[in-house]
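Report on the following structure.
Values quoted throughout were computed directly from the atomic coordinates according to the rules given, and no laboratory measurement underlies them. Nothing here was measured: the structure is a model prediction, and the numbers come from that model. Using ideal geometry, Cβ is built from the backbone for each residue, glycine included, and neighbour counts are taken over all protein chains shown.
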Amino acid sequence: MATPVTAPNGKPFSTKSKVVAGILQILVGGVGAGRWYTGHYGLAVAQLLTCGGLGVWALIDGILFLVKDDRTDSEGLVLKS
């Protein structure tokens, strides 16, 4: 019997992808698209109201989604690669 692949925190990986979240955040981060995708609705609304921090917050957030391995969804599960 195969054991499920788990993230470094011991929980299973999220069904959401960090690549999809990062690309959404870079391309349409002004409306918080990457955050809507991962279920972080509070941050998504903040990015929507500030136009992604005038683009700077959205760009940095998108890059961090792509390069970091510890980004999580709204349930605390690490995003899969």
For every other residue with a beta carbon closer than 11 angstrom to the beta carbon of Ser14, add +1 if it is Lys or Arg and -1 if Asp or Glu, then tell me the sum.
-> +3
Using the Kirkwood radius over Cα pairs of the chain, the Stokes-Einstein translational diffusion coefficient at 10 °C and 1.306 mPa s, in µm²/s and rounded to a whole number, is 127
Ellipticity estimate at 222 nm from DSSP helix runs (n ≥ 4, -39,500 (n - 2.57)) divided over the chain, nearest 500 = -14000 deg cm²/dmol
Taking the Cβ of Gly29 as the centre, find all other residues whose Cβ is under 9 Å away and add up their charges (Lys, Arg: +1; Asp, Glu: -1).
-> 0
Net charge, Asp61 excluded, C-beta distance under 13 Å - Lys, Arg +1, Asp, Glu -1 | +4
